[in-house]
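Derivation of every value follows stated rules applied to the coordinates shown; laboratory data play no part. This is a predicted model, so every value here is computed, not measured. No Cβ is skipped: glycine too gets one built from the backbone with ideal geometry, and neighbour counts run over all protein chains shown.
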């Protein structure tokens, strides 16, 4: 799954590089540190705080493969540029799975299997979409009893295997 930069992110990148370019003596001067600081917002606009590290080789006018740590998982992405106007395009080939989506899927599965309406809350808030990632889910049945489950991601499409969390 190849995802490009969202329109808002593109606008942010454009603004960032205009500011960087205008604040430097030479418009083509590229500030690596400012770029790396902006990557979390470009990769995960809704939760940039989950991007805990970014590492890109020093840019020249080209395409560079960079790494970032997202929710404890290292991912790679391509940074293209900077172009003549100082802009950089981020191309990621990984997906993100949100806990809210897993909450809904777990609820639908349990409600259907058990014939009762449950409340479901899964965490963490987000994971990289790949096999082996897990979400911990707390399920409250109509009587108020709490049950703990683990949703093990089986692929990068958000499919999972649900099992009882024996540790709780």
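At a glance:
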read-out	value
Residue in the range 55-63 that is more than 18 Å from residue 130 (Cβ to Cβ), within 22 Å of the chain's Cα centre (by Cα) and surrounded by 20 or more Cβ atoms within 10 Å (Cβ to Cβ) present	no
All strands (runs of 3 or more DSSP E) inside the range 80-168 with 2 or more residues being over 21 Å from residue 69 (Cα atoms) and in contact with a strand residue (DSSP E or B) (Cβ under 8 Å, 6 or more places away or on another chain)	119-123, 134-140, 146-153, 160-164
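Residue-wise test of (1) closer than 25 Å to residue 43 by Cα; (2) more than 23 Å from the chain's Cα centre (by Cα).
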| position | (1), (2) |
| --- | --- |
| 114 | no, yes |
| 120 | no, no |
| 128 | yes, no |
| 146 | no, yes |
| 151 | yes, no |
| 164 | no, yes |
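Quick grid of which residues meet (1) surrounded by fewer than 20 Cβ atoms within 10 Å (Cβ to Cβ); (2) farther than 24 Å from residue 155 by Cα:
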{"residue": "37", "(1), (2)": "yes, yes"}
{"residue": "51", "(1), (2)": "yes, no"}
{"residue": "84", "(1), (2)": "yes, yes"}
{"residue": "90", "(1), (2)": "no, no"}
{"residue": "97", "(1), (2)": "no, no"}
{"residue": "125", "(1), (2)": "yes, no"}
{"residue": "132", "(1), (2)": "yes, no"}
